[in-house]
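Below is one structure, written out as C-alpha cells; the observations come after it.
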Amino acid sequence: MPMKLFIIASVMVCGVFSSADPNYKQHSYGAAPRYEYVEIPHCAKNTTKSWCLEDNEYPQHDVQQALDHHYQAVVAFYKDKLANTENSVDGLDKLNDEVYLCPSSTNYIRPLRAINVDGKWRTIVNNVESYGIKYTQNARIDECDVIVGTTCPLVPSCYESKCVQKNIFHRFLVYNPHDYTFPFAIEKFKMPGSCGCIVGAFHL
C-alpha cells in the first residue's frame, strides 16, 4: 500500500509542475530584450490633434528639477535652438492680417506634449522656470477652415483648384524622464503651417 501511495503522489507532483499547454516552449535565456518605453499621455484622449495645450499630468516639478540639475547644458541647448530655428516665433503671440486663397485659422500655441516626426509623444519643456530663466516655446499654426480638397473659394471657377493643408517643422526642447544621463533633447515636430491653394488647368 505505501508503494502505491508513493506512485500516485509522484504522478500528482509531476502533473503540477508540467505544462498543461501542448504548445508551451521553453524560453532560451540570454541577453534581456531591449524595449523602448512609449507613453501616450492622458491628454491625448481629449483631442484629435497631435499636440496638447492642457495637461493635468504634466510633470512640472520633475522638469524643473532636471533643468536645475543640468542647468548649463540645457541653457546652451535652449539658446542654440532659438538661434538656429528658422522662422522662430518664440516670444511672439500676436497675429498679423494675412490673406490666403483658402480660409484658415491662425494661432500661436505653447504645446505641453506633442507627437514628433517619428510618431512618438514627447513632453515639451514649456512654462517652466529654472534659475531665473523662463522656458517657453511657441509655435505658429495655421489650419484650414474648409475641408481639404474642396475648391478654393477665391479662385475663379474656370480654373481647377483645391485647398490643401501645408505643414511646417518646428524644433522643440523636450524632456525624456527615461534618459537618466541627460533627459533633454531637441526634436522635430510637424504642425500645420498654412492652408494653401493648388490651381490647375483653365477650362472655358
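Exactly one condition in (1) assigned to a helix (DSSP H, G or I); (2) at pLDDT below 80 is false for residue 34; which is it?
(1)
Being part of a helix (DSSP H, G or I) and either touching a Leu at 6+ places or on another chain (Cβ under 6 Å) or open to solvent by 70 Å² or more (accessible area, probe 1.4 Å) (or both) is the filter here; which residues of region 49-63 pass it?
Of everything in region 49-63, those that are part of a helix (DSSP H, G or I) and either touching a Leu at 6+ places or on another chain (Cβ under 6 Å) or open to solvent by 70 Å² or more (accessible area, probe 1.4 Å) (or both) turn out to be 60, 61, 62.
Can you spot a residue in region 146-163 that is small (Gly, Ala, Ser), open to solvent by 40 Å² or more (accessible area, probe 1.4 Å), within 22 Å of residue 81 (Cβ to Cβ) and at pLDDT below 95?
no
I'd like to know if region 111-124 contains one or more residues that are of a type outside the set (Val, Ile, Thr), over 27 Å from residue 80 (Cβ atoms) and in contact (Cβ under 8 Å) with a residue 12 or more places away in the chain.
No, region 111-124 contains no residue that is of a type outside the set (Val, Ile, Thr), over 27 Å from residue 80 (Cβ atoms) and in contact (Cβ under 8 Å) with a residue 12 or more places away in the chain.
Just checking, how many residues over region 167-204 are over 30 Å from residue 66 (Cα atoms) and surrounded by 16 or more Cβ atoms within 10 Å (Cβ to Cβ)?
Total meeting the criteria: 6.
Assess whether residue 179 counts as being at pLDDT 95 or above and of a type in the set (D, E, K, R).
Considered against the rule, which asks whether it is at pLDDT 95 or above and of a type in the set (D, E, K, R), residue 179 comes out as no.
Give region 147-190 a look and list any residue that's over 24 Å from residue 74 (Cα atoms) and assigned to a strand (DSSP E or B), or say none.
Within region 147-190, 159, 160, 161, 162, 163, 164, 165, 166, 167, 168 meet the criteria.
Please give the number of the condition residue 137 fails out of (1) free of Cβ contacts under 8 Å to residues at least 24 places away in the same chain; (2) closer than 16 Å to residue 52 by Cα.
(1)
Mind counting the residues in region 101-145 that are out of contact with any strand residue (DSSP E or B) (no Cβ under 6 Å at 6 or more places or on another chain) and open to solvent by 20 Å² or more (accessible area, probe 1.4 Å)?
12
Looking only at residues in region 37-62 that are among the β-branched types (Val, Ile, Thr) and farther than 25 Å from residue 182 by Cα, which one is modelled with the highest pLDDT?
48
The values are calculated or read from the model by the stated rules, or taken from the named source; none is laboratory data. This is a predicted model, so every value here is computed, not measured. No Cβ is skipped: glycine too gets one built from the backbone with ideal geometry, and neighbour counts run over all protein chains shown. In case anyone asks, the SASA skips ligands and DNA or RNA and just uses the protein heavy atoms, side chains included. Shrake-Rupley method; radii C 1.70, N 1.55, O 1.52, S 1.80 Å.
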